[in-house]
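Below: one structure, written as C-alpha cells.
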Amino acid sequence: MDEDMERAARRCDYAGTDKLSITVFFAVLLAALLHATWNALVKGGGDKHASMAVVVIGHLPIALVVLPFVPMPDAAALRWLFAGIALHLGYQLFLISGYRVGDLTQVYPIARGSAPLIVAAVSMGLLGITLTRLELLAIGLIAAGILSLALVRRADGTRNSRAVAVALGTGGFIAAYSLVDGIGAREAGTALGYWTWSVIGNAILFCVWTAAAKPGLLRRLPGDMRLVRTGLIGGTASYVAYGVVIWAFTLAPIALVTALRETSIVFALLIGVGVMGERLDLAKVASTMITIVGAGLLRFARG
C-alpha cells in the first residue's frame, strides 16, 4: 500500500497543488459550516443511528441527480474508492457512538482536531509532501486548539474520558479517509465523479450494516417525517461539504485542506451553545480562538 500511495502522489503533480488559493480557502470554510450543520442534526436526534442513517441515505437524491453529468472515475481509482467507502462507514459508526456518550462541543472538535496531525505526518512521511515551518505551525495551532477540548469538564465537573477515546478513534478514520479520498480523487481524474460514486457505495454499505445490526430500523424511517427532513437537509449538506473538500484535495496539499476544514469546530461551538444549549466555558472559547488564529495563519503561510 505504501508503494501505491507513493505512485499516486507522483501522478498527482497538478499545477497549483503547492498552494492554498483564496477560492479554495473560502470554499473549504463553507464546507466546514455545512459539515458542522449536519453533525448537529445527527447529535440532536433522539436515536443517533437512525439520524445517521437518514443523513447517509439522504446523500442519494442529489447524488443520483448529479451522476449522469459527471465522468466515470478512472479504473486506477477503484481501489481507493472501495477503501474510502469502508473507511467512511467506520467513521460513521464511531461518530454515532461518540454522540451517544458526549456533547457535540467536545466529541466533534476532538474527532476533527486529531485528523490534521495524522494527515500531515503521513503526507510528509509517505507521500513526500513538503510543508513549510509556518504551515506546520498553523496546523499545530489548529490541532492544539481543538484537542485541548479533551480537557473540558462536563456540567457536573467530571471529565468524559469515554467520549474522548471514541472521538480520537473517529479522528483516526477521518485522517484515513481524507488521505485515501485525496489520492483517489486525483487518480480518478474527476473529484465530483469520485465522490458521487463514493456516497452511493457508502449508502448501500451503511444500509446493509444497519439491516444486520438494527433489524427493522430502515423500515420505519420513511414514516417519520422529522427524520426524512433531517435526511434531506443533512444529506445534501454533507454531499456538498465533502464534495467541495475532495475538489480542494485536487488543487492543494491534502494536509492543508484537512487542517483548514477542521475549523468547522468554530461553527459546531456556535451551534452547540447557541442552538442546542450546551455548556460554554472559558476553555472552549480559548480553544476556538486558537483554532481561528491557526486557520488565518494557514491561509497566508504560503504565497
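The values are calculated or read from the model by the stated rules, or taken from the named source; none is laboratory data. None of these values were measured; they are calculated from a predicted model. Heads up, the Cβs are rebuilt from the backbone with ideal geometry, glycines too, and the neighbour counts pull from every protein chain shown. In case anyone asks, the SASA skips ligands and DNA or RNA and just uses the protein heavy atoms, side chains included. Shrake-Rupley method; radii C 1.70, N 1.55, O 1.52, S 1.80 Å.
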Taking the criterion of being open to solvent by 20 Å² or more (accessible area, probe 1.4 Å) and without any contact (Cβ under 8 Å) to a residue 60 or more places away in the chain, would at least one residue in the stretch 227-238 satisfy it?
yes
Among Leu251, Leu269, Leu260, Leu256, which is the only one that is closer than 21 Å to Ile174 by Cα and under 13 Å from the mean Cα position of the chain (by Cα)?
Leu260
Does the stretch 81-102 contain any residue that is open to solvent by 20 Å² or more (accessible area, probe 1.4 Å), over 26 Å from Glu187 (Cβ atoms) and among the β-branched types (Val, Ile, Thr)?
yes
Restricting the stretch 128-151 to residues that are closer than 16 Å to Ile118 by Cβ and not in a helix (DSSP H, G or I), the residue that is modelled with the lowest pLDDT
Ile129
Considering only residues of the stretch 152-189 that are among the β-branched types (Val, Ile, Thr), crowded, with 17+ Cβ neighbours inside 10 Å and farther than 22 Å from Gly58 by Cα, which is modelled with the highest pLDDT?
Val180
Which residues, counting only those in the stretch 159-205, are part of a helix (DSSP H, G or I) and charged (D, E, K, R)?
Arg162, Asp181, Arg186, Glu187
